[in-house]
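Notes for the one structure printed next.
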Amino acid sequence: MLDVQLFRNDLDFVIAGLKKRNFAFNPENYSELEARRKAVQTKTQELQSERNSSSKAIGQAKAKGEDVQPLLDKVANLGDELKAAETELSEIQAELDVLMSGIPNLLDVSVPEGKDEDDNVEISRWGDLPKFDFEVKDHVDLGTARNLLDFELGAKITGSRFVVLNGQLARLQRALIQFMLDTHSSENGYQETYVPYLVNADSLRGTGQLPKFAADLFKASENPDYYLIPTAEVPVTNIVRDVIVDAKDLPLKFVCHSPCFRSEAGAYGRDVRGMIRQHQFEKVEIVQIVKPEDSVQAHEDLTAHAEMILQKLNLPYRKMLLCAGDTGFSSSKTYDLEVWLPGQNAYREISSCSNFRDFQARRLQARWRNPETGKPELVHTLNGSGLAAGRTLIAVMENYQDADGRIHIPEVLLPYMGGLKVIE
RNA sequence: GGAGAGUUGGCUGAGUGGUCGAAAGCGCACGCCUGGAAAGUGUGUGUACGGCAACGUACCGAGGGUUCGAAUCCCUCACUCUCCGCCA
């Protein structure tokens, strides 16, 4: 949610900002609605004021034992008039709310123009691409050959885009998750948390998935309306919903592993082979809640924390700055980390690190008390994958394969694999 | 799942259908006192919207209703606590 004050004070700035995103915003429609809101709100408040003073007068007259009937007659019609005004006002406000909550965040000035992922800008590369003197297999062939990955079983148990991991491969995924949690909590200063995987609609509104992206979610129940989380970002960021954080407690840094559930609506035909794009996958998420002045640096730090995992695993990757057209709805600036997948001969997204500035905080009413002003002010929120465990598993499989189709265990994971060095 | 009790400001906690944005205490801020501190003492201390401001309006878990007037009465829902049942 953007600041309504910004709309009122500098509409041209908002229009220009949204244009960069290619977001269709109709300023006339907005201004007309806003003008009506103002008129009806003023009228409503005048009527309320009249009611309050009249009621007070009645109370005082009664206390003195005077006849209140003339006063009662005077306010006879006020009730209906007020009710009508209040109803109209709440309708206009609901309409404005729908409009406002459908508007994406404004982009940081450093975000490049562009329309889709082809216009993203490469910032840096890390690691040497592995050289193989045999024909490289992708994770599907590697996994199915030894019955470590079973897509048919996943389809039988549930449906398409579900998979079963067996034996040491399942363990390897668990090892990756443990390794990531340990690294972020003991080296990068994040507090480990465990959160609900089902969330309510308020939480999803807070982080921006609702109302606009309901189709991407799995709804788990009606009444109560619970949804499976698409990312741990949702429950973790909602820790600070409706909270005023003490300045001394900032920054808050959380790390959380969770399964993620995505309907992948609109992704038909994309990445159908393998476990790149599943309805259910494991991810370790890092989240920061910071003072506004710190969020730019925090974004760089948080991205570096995600990169650290790739470096420790010795997986080659590149860091991309997403262009205007590819940056997510709630984000003002996003770096994607793309890991090298030899089986695809391509870099593929494995982490997305975003600075939301106050966009989520406004929806969440997540604030801190600024000692300089003494007032509660919005915090800035950030998050990133640190990393997507399912895709990291793929990357390890493909980068650490040998001529026999065996998978070697990365050095840093050995303690988590009970001494196992190779999956064969 | 059954029965009961609750939900009030940063916290604890009073509250009558009218003058309650709400007593009191704690905490916090600023001052006095002090060599300094503690204690004591004085003043102040919610958020949002509109307005240059004075000020107005809304908010006592949420949403409805009754009423000229609702924190207070009625209804629905959510959550918390206690007891019973069931269960990892």
Using the basic label-point model (7 angstrom from Cα toward the beta carbon), what is the A:ASP150 to A:SER101 distance in nanometres? 4.3
Is there a quick way to get the dipole size of chain A? I mean about its Cα centre, with the Cβ of Lys and Arg at +1 and of Asp and Glu at -1; what is the value in debye to the nearest 20? 600
Going 7 Å from the Cα of A:GLN45 along its beta-carbon direction, which residues of region A:70-85 have the amide nitrogen within less than 18 Å of the resulting point? A:82-83, A:85
Once you place label points 7 Å from the Cα toward the Cβ at A:GLU32 and A:ASN370, how far apart are they in nm? 3.7
Rolling a 1.4 Å sphere over the protein heavy atoms, what is the accessible area per residue of region A:1-153, to the nearest Å²? 65
Return the whole-Å distance between the Cα centroid of region A:145-213 and the Cα centroid of region A:330-406. 14
Report the dimensions of region A:267-379 along its three principal axes from the alpha-carbon atoms, largest first, rounded to Å. 56, 33, 26
Checking rank on A:15-22, A:3-10, A:391-398, with mean other Cβ inside 10 Å and highest first, the result is A:391-398, A:15-22, A:3-10
Return the subset of A:LYS283/A:LYS421; A:LYS156/A:LYS253; A:LYS38/A:LYS64; A:LYS219/A:LYS283 for which the Cα-Cα distance in this structure is over 28 Å, preserving the input order. A:LYS156/A:LYS253; A:LYS38/A:LYS64
So if R0 is 51 Å, what FRET efficiency would A:ILE15 and A:VAL136 give, r being the distance between their Cβ atoms, rounded to the nearest 0.05? 0.55
Taking the reciprocal of mean 1/r across every pair of different Cα atoms in chain A, the Kirkwood radius in Å is 24.4
Kyte-Doolittle mean at least -1.0 and Cα axial length at least 20 Å: DSSP H helices in chain A: A:78-101, A:167-186, A:295-312
Applying a 10 Å radius around every beta-carbon, put A:47-54, A:107-114, A:349-356, A:174-181 in order of their mean neighbour count, most first. A:349-356, A:174-181, A:107-114, A:47-54
For region A:257-316, build the convex hull from the C-alpha positions and give me its volume per residue in Å³. 143
Alpha-carbon Debye profile of region A:26-101, log10 I(q)/I(0) at 0.12, 0.20, 0.23 Å⁻¹: -0.47, -0.83, -0.97
In percent, how large is the relative contact order of region A:308-413, given Cα pairs closer than 8 Å and 6 or more residues apart? 23
Could you order peptides A:244-255, A:222-233, A:123-134 by the average number of other Cβ atoms within 10 Å of their residues, highest first? A:222-233, A:244-255, A:123-134
For A:ILE244 and A:GLU300 in the same chain, what is the full-extension length gain: residue separation times 0.36 nm, less their Cα-Cα distance, in nm? 17.6 nm
Applied in sequence order to region A:188-197, the curve 6.51 cos²θ - 1.76 cosθ + 1.60 (Karplus, θ = phi - 60°) yields integer Hz couplings, x standing for Gly and Pro, of 10, x, 9, 8, 6, 9, 10, 10, x, 8
Spacing of the two label points (7 Å from each Cα toward its C-beta) at A:GLN93 and A:ASN77, in nm: 2.6
Give me Rg/Rg_expected for region A:339-412, where Rg uses Cα atoms only and Rg_expected = 2.2 N^0.38 Å with N residues. 1.81
With r as the distance between the Cβ atoms of A:ALA84 and A:ASP3 and R0 = 22 Å, compute the FRET efficiency 1/(1 + (r/R0)^6) and round to 0.05. 0.10
What is chain A's relative contact order, in percent, from Cα pairs under 8 angstrom and six or more apart in sequence? 19
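The values are calculated or read from the model by the stated rules, or taken from the named source; none is laboratory data. From a predicted model like this one, the values you see are computed outputs, not experimental measurements. Note that we place each Cβ from the backbone using ideal geometry, even for glycine, and neighbour counts take in every protein chain shown. Heads up: the accessible areas ignore ligands, DNA and RNA and are worked out on the full protein's heavy atoms, side chains in. Shrake-Rupley method; radii C 1.70, N 1.55, O 1.52, S 1.80 Å.
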